[in-house]
Amino acid sequence: MDFLISLFFYSLLATPLLLLLPKNIKSYFNFSINLFLAIVSTCMVILSYQKNGSIDYFLTDLSIIGLVHLKIDELSSIFILVINFTVLTSSLFSIGYFKKRGSTGALSLHLFSFAILHAAMLLVCMVQDLLAFVVFWEIMSLCSFVQVIFDSEKPANIKAALNYLIQMHINVVLLIIAIVWLYNKTGMQNFEALHFYFSSKETSNFPLFLMFFLSFGMKAGFIPLHTWLPHADPAAPCPSAGLMSGAMIKLGIYGILRVLMYVESDLLEIGIFIYTISMLTGLYGIIQASIQKDLKKMLAYSSIENIGIIGMGIGLGVLGMAQHSQLITFMGFAGALMHIINHSLFKSLLFYTVGSVYIQTGTKKIDQLGGLIKKMPVTAVLFLIGSLAICGLPPFNGFISEFLIYSGMMGLLHADFSMDILELAALISLVLIGGISFFTFTKAFGIVFLGKARSQQALEAKEVTNFMHLPTIIIVLTMLSIGLAPDIFVKLISRTVFLYMPSEDTGIVIHQFDSISKVGVVSIIFIFLIATIYFIRTLKVKANKEAYGPTWGCGYIGDTEKMQYTGSSYTGNFSQLIKPIVEVKTDFKKYEETELFPVNRALKTESDDPIESKGIMGAIKKLSQFISIFARIQDGQTQHYILYAFLFFSIMLLLTVFNIIH
Amino acid sequence: MITIVLIFIASIFFIGVLNKTRAIAGGRKGPGLTQHIKDILRLTNKQTLYSTTTSIIFKIAPSIYFSSIVMSLFFIPFGSYPPLLFFKGDFVFFAYTLALGKFFMIISALDTGSPFEGMGANREALYSMLVEPAFFILIASFAMFTDHSSFYDIYNHIHFTDNFSWVLGVMAAFILIQIAMVENGRLPVGDPKTHLELTMIHEVMILDNSGFDLAMILYGTSLKFVLYGTLICNFFLNSSMSLGEELLVFFLVQFLWAITAGLLESFRARERMKKNPQFIFSLMAISIVIFFGILIWQQKLG
C-alpha cells in the first residue's frame, strides 16, 4: 500500500509535462497518465478486496492538512472502479476528438486539469478526514470548471462555466456548514464522527443528514439544485461531458451513501424524503429532456433523470432499513449501485457518440441532423444501443438496475397503508420515467440518424475513424456483459450492499440471485429468438426477391426532406400535456385579417426550466431588490458619510453611557 | 408450452371473428373467419419493397417486433400449467420486452422519412407511454393481493372468494381490454379501417412495410390481442378445473373477447386525437381504484 500510494502521488508530478509536450502527443500522454493512475488505484481496490474489503492508510506528507486518513472500503471500491473505467474511455476518446480541435493553450490546460480531476475524484472516494475531503472536493470542482470552459470563444460557454463555478462554491459552503455542525457537536472532523453524532439518542438524525444531502445532492443534480448541470454539460467538450455526467456527479451519490452508512434513527423520514425527491427529480429531468432541441442538453437532463432513478433505489433501500426488511434493503441499494455503474456506461457512450456527430457535422441541434445512419453507420448503431440501454430495455444493462428497483418496490407493497400509497406514487413515477425516456430516445435516434438529412452538414458527414470507435465498443461490450450475466455483477456489488444490512442474511439474497440470473438467461434466449426469426425472414425475403422504390407519399410525389417529422413536431402533442412544467414559448406573428398578401414568417419555439427561470432567478431578483435598498446609503456625498460616522459614534456613546454594552 | 400452442391456434381465428362481428353489426355479410390469416399467408410469399430512404433499421424492426411478442408469450401461464419461463417480477420483463419491439417499430417508421409515418410513430410512442402505468398498477395491485410477483404465481393465488373480489376481477378485465385496444391502436384511440392517414396510429406506421415483414407485423397484432385475452382468461381459470374445462373456458373467453372488440369497434366513435391522453389517463385512474379496492379488501384502509 505504501508503494502504491507513493506511485499515485509521484505520477502526478508528471502532469505538468502535459503543458509542455507538443500538441499531437499531449492526448496520448494524458491517456498514459490516466492509465497509470487507474492501474495503481485498481491495485489498491484489489488489495482492499483481499483484506476483507477495507484497507486504511495514513498520509503524513500533506503537511498543510496534517495527517490524512485514506481508506478504501467496499463503497469506495465501486466508485473507484466506475471513475477509472469512465476516465479511461473518456481520455481514449479524446485522443481522436481533440485531433483537429482547440488551440494548443486551451488543450494543454484542458488535459492538465483532466489528469488532476482524475486524481481528485479518486481521492474524494478515499479520504476519511472531512477537511481533506473538502480540499479534494474543491480541486475536483475547479478542474471540472476548466473542463467546462474549454470552448471559451463562445460567450454562452463562459456564462455556463461561471454559473457552474458559482454554484459549486455554494455547494462547498453547504458542505462546510455541515462539517462545522458536525465538528461543533462531536469535536471530530472525519466520517467516523458521524457515527458518534448519529448514535447519540438526544439529537435527531434528520437535520444533519439534510444538510449533507443538500450539498451532495447539488453535485448529483437532484431538483431543485440541478440548474448548473444543463448548462455545464452541454458547454463541456463531449469527452469531458461524458466523464462529468458518467462519473463526477456520482460522487454526490457517493457522499450521500457514505453519510447513510452511519445514520441510525429517523430512517423512515429520511427514506421518504429521498424517495419523494428522487421521484420528482426523475420525472422533472426526463420531462425536460424530452423537449430539448440540443442533443447534449437532452443528455444532461437525462442525467438528472437517472440520478432520480438512483435516488429511488437509495430511498427504497433506506425504507427497507426502516421496515427491517432485508429484501427491500438489498434490492434498493443493489438497484441504486447497479444503476450508478450502468448509467456511467451508457451516458458516457451517448456523449461520445454525440461527440462524433458533433465533430463531423459541427452541430448538435436535433432538427438540423437526419439520415446519419447512412453516413455514420457504426456511430448510429452505438447510439442506438446506448438509447435502448438508457430506456431500460432488455437485453441491455439498464434493464437490470430497473428490474432490481421494481422487485424492491414489489416487496414494499406488503407494508402498511402509508407505504402502499408511497409505493403507488413511486411505481407510477418509475413507469412514466421509463415511458418518457422511451419517447425521448426514439425521437433522438429517429430524427438524428434516420430519414433524410435536414441540412448540408448532415448530408456531407463522414464516419469517424475506427480508433474513435474503440472506447465506445469497449463500453458496449461491458454493457452487454452486464445485461446477459447480471448475477455476476450483482454478486460483486452485494458486498457493498451488505454494509447497509445489519446481518448478512444470505438466504434472501441467494433467492434473489435466482431471479436475477434468470433475467440473464431469458435475455440470451431473446437474442437467439430474434436471430432465428430474422434469419428465417432473410431467407424468405431473398426467395421472394427485393425491390427498391421511393417512400410511399400517400399520393404526394414532391418528396422533400422538409416534409419529414422534426424533433419539435415529434414532441408537439406531448408538450401540450406537460405545458405547465416546461413553459414552451412560441414566437410567431399572427396573420391579420387585413393582410391579403402575407409576408414570410418564421416560427420559433423555445422551452424553459421553470425551476431555474422562476424559482432560482426569481429568488435572486427578490434578493437583489432587497439589497438595493441598502445601496441608497452609498450615495457618494462626503457630508453623508461624515454624518454616518457621527451617528455611529453617538450611538456607541449612548450605549456605553446607559451600560448596554461594556 | 401449452399456452403458446393455444395462443397460436386462437390467433388464427381472432381477427376473423372480430371482423365478422363488425360486418354483422354493420349489416354486411363479411369475409370468412380465416380470411385474415389467408391474407397474411399470401403476404409471406410476396415481394418485399423497400424505400430508398430506409436503412438496416427498417429491415430488422419487424423481426424484432415479432420476436418481442413471441418472447412475451413465454411468460403467460395457462391456468395451473406453468409458462415456459417464470421468475419473480417477470411482468417487468414482459412489459419491457414488448416495449423493445415497439421501440424498433417506431424508429423504423421514422426511418422512411415520411411525414405520415412520423405522425404515427409519435402517436404510438405517446399513447403506449401513457398506457404503461395502468398496466403496471394493475399487476402491482394483484401482486399486493396475492403476495407474489410473477404472472404464474399471481394467477395461481387469485381466489375470487367474495363479491368484492369479483368486482375487482371484472374491473381488471375491463382495464386489460382497454389496454389491448390502445396498444393495438384500435378504437377509441385510433381507427384502423379509416381511409385517412391523418387519423391512424398503428396502421400509418407500417405504410411502407411489405411482404414478409408486413405479414409478421399483422400477425403480431393478432397475437397481441390473444395475448391480452389470455391474461383476462387466466382470471377465470382455477386449479379445480380439468384440462377440458380449462380449454373450453380459454376458447370461450377468446371468442367473447373477439366479439367484444368487434362490437366496441362497431358502436364506438373515435376520440379526437387531442382527447386521447385524457381517455388513457382515465384507464390509469381505474387501475388506481383497483389498487385502493385491494387496500380496502386487505383492511389496510377504512
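Taken together, the values in this text are just the output of simple stated rules run on the coordinates, not laboratory data. Computed from a predicted structure; not experimentally measured. Methodologically, a virtual Cβ is constructed for each residue, glycine included, from the backbone with ideal geometry; neighbour enumeration extends over all protein chains shown.
Exposure proxy for A:Trp228, A:Trp181: other Cβ atoms within 10 Å of each Cβ, ordered fewest to most, give A:Trp181, A:Trp228. The share of Cα pairs per 10 Å bin across region A:301-347, counted from zero up to the longest distance, runs 33, 46, 19, 3 percent.
Here the alpha carbons of region A:617-662 define both size measures, Rg and Dmax, at 16.0, 47 Å.
Please report, to two decimal places, log10 I(q)/I(0) for region A:343-417 at q = 0.14, 0.18, 0.26 Å⁻¹ as given by the Debye formula with identical point scatterers on the Cα atoms and no solvent. With one equal scatterer per Cα and no solvent, log10 I(q)/I(0) is -0.56, -0.75, -1.15. Taken over region A:60-184, the percentage of Cα pairs per 5 Å bin, counting from 0 up to the bin with the maximum distance, is 2, 10, 16, 19, 20, 15, 10, 6, 2, 0, 0. Computed on region A:1-141, with alpha-carbon pairs under 8 angstrom and 6+ residues apart, the relative contact order is 31 percent. Per-residue ellipticity at 222 nm from helix content only, as computed over chain B with -39500 (n - 2.57) for each DSSP H run of at least four residues, stands at -23500 deg cm²/dmol. Cross-link partners for A:Lys201 among the aspartates and glutamates, with Cα-Cα distance under 18 Å and sequence neighbours closer than 8 places in the same chain left out: A:Glu192, A:Glu264, A:Asp266, A:Glu269.
The shape of region A:469-532 comes out oblate: with a ≥ b ≥ c from the C-alpha gyration tensor, a/c is at least 1.5 while a/b does not beat b/c.
Principal semi-axes of the equivalent ellipsoid, √(5λ) from the alpha carbon gyration tensor of region B:2-72, are 28, 19, 11 Å from largest down. Put simply, the amide H of A:Asn190, placed in the peptide plane, has neighbours under 5 Å in A:Leu130, leaving out anything fewer than 5 places away on its chain. Shape index of region A:134-196: Rg/Rh, with Rg the Cα radius of gyration and Rh the Kirkwood radius from the inverse mean 1/r over Cα pairs, equals 1.18. Given R0 = 51 Å, the distance between the Cβ atoms of A:Asp416 and A:Val172 translates into a calculated FRET efficiency of 0.80. Close amide H partners of A:Gly371, meaning residues 5 or more places away or on another chain with modelled amide H under 5 Å apart, are A:Phe449, A:Leu450, A:Gly451, A:Lys452.
All C-alpha to C-alpha distances of region B:168-302, sorted into 10 Å bins beginning at zero, yield P(r) values of 11, 33, 33, 18, 5, 1 percent in whole numbers. As a calculated quantity, the FRET efficiency between A:Glu583 and A:Ser624 at R0 = 25 Å, using C-beta atoms, amounts to about 0.65.
For region A:562-640, the orientation-averaged shadow of the C-alpha convex hull comes to 10.9 nm² (one quarter of the hull surface). Every helix of 4 or more DSSP H residues in chain A counts as -39500 (n - 2.57), and over all residues that averages to -24000 deg cm²/dmol at 222 nm.
Dipole size of region B:52-168 about its Cα centre, with +1 on Lys/Arg Cβ and -1 on Asp/Glu Cβ: approximately 260 debye, rounded to the nearest 20.
Sorting A:41-49, A:128-136 by average packing, meaning the other beta carbons within 10 Å per residue, from highest down gives A:128-136, A:41-49. Convex hull of alpha carbon positions in region B:10-124: directionally averaged projected area 10.3 nm².
Rg over Rh for region A:442-498 works out to 1.23, using Cα positions for both radii and the Kirkwood form for Rh. Annotation: lysines with alpha-carbon distance below 17 angstrom to A:Lys462 (same-chain offsets under eight excluded): A:Lys99, A:Lys100, A:Lys364, A:Lys374, A:Lys375, A:Lys452.
Contact order normalised by length for chain A, with contacts defined as Cα pairs under 8 Å and 6 or more residues apart; what percent is it? This gives 11 percent for chain A. Extents of the protein assembly as shown, largest first, come to 107, 70, 63 Å (Cα atoms, principal axes, whole angstrom). Two numbers describe the Cα atoms of region A:187-324: Rg and Dmax, which are 16.0, 52 Å. Within the set of other residues whose C-beta is less than 12 Å from the C-beta of A:Ala300, count the net charge using Lys and Arg as +1 and Asp and Glu as -1. Taking every other residue near A:Ala300 into account, the sum is 0. Among A:Ile314, B:Ile24, A:Ile493, sorting on how many other beta-carbon atoms sit within 10 Å of each Cβ, with the fewest leading, yields B:Ile24, A:Ile493, A:Ile314. Kirkwood-type hydrodynamic radius, region B:225-267: 10.8 Å, calculated from all non-identical alpha-carbon pairs. When you work out D = kT/(6 pi eta Rh) for region A:209-274 at 20 °C and 1.002 mPa s, using the Kirkwood radius from C-alpha pairs as Rh and the Stokes-Einstein form, the result is 168 µm²/s.
Using equal-weight Cα scatterers in the Debye expression, the normalised intensity of region A:172-249 in log10 at q = 0.24, 0.26 Å⁻¹ is -1.04, -1.14. By the count of other C-beta atoms within 10 Å, a proxy for reagent exposure, B:Ile259, A:Ile286, A:Ile660 are ordered fewest to most as A:Ile660, B:Ile259, A:Ile286. The orientation-averaged shadow of the Cα convex hull for chain B, equal to a quarter of the hull surface, comes to 15.9 nm². Which FRET efficiency value, to the nearest 0.05, is calculated for A:Arg601 and B:Thr199 with the Förster distance at 30 angstrom and r the Cβ-Cβ distance? E between A:Arg601 and B:Thr199, to the nearest 0.05, is 0.60. For a modelled paramagnetic label at B:Phe292, 7 Å from Cα along Cα-to-Cβ, the residues of region B:168-204 in reach, with backbone nitrogen under 19 Å, are B:168-175. With viscosity 0.890 mPa s and temperature 25 °C, the Kirkwood radius over alpha carbon pairs of region B:54-119 converts through Stokes-Einstein to a diffusion coefficient of 188 µm²/s. Averaging the sequence gap over all C-alpha pairs within less than 8 Å and six or more residues apart, then dividing by the number of residues, gives region A:300-371 a relative contact order of 24 percent.
For region B:184-258 versus region A:267-296, the spacing of their alpha-carbon centroids is 35 Å.
Give the Debye-formula value of log10 I(q)/I(0) at each listed q (0.14, 0.18, 0.20, 0.26 Å⁻¹), with one equal scatterer per alpha carbon of region A:253-323, two decimals each. Each listed q maps to, in turn, -0.46, -0.66, -0.75, -1.03. Per-residue 3J(HN,Hα) values for region A:527-538, derived from phi via the Karplus relation 6.51 cos²θ - 1.76 cosθ + 1.60 with θ = phi - 60°, read 4, 5, 4, 4, 4, 5, 5, 5, 5, 4, 4, 5 Hz in sequence order (x marks Gly and Pro). Against the empirical 2.2 N^0.38 Å (N residues), region A:276-399 has a Cα radius of gyration ratio of 1.21.
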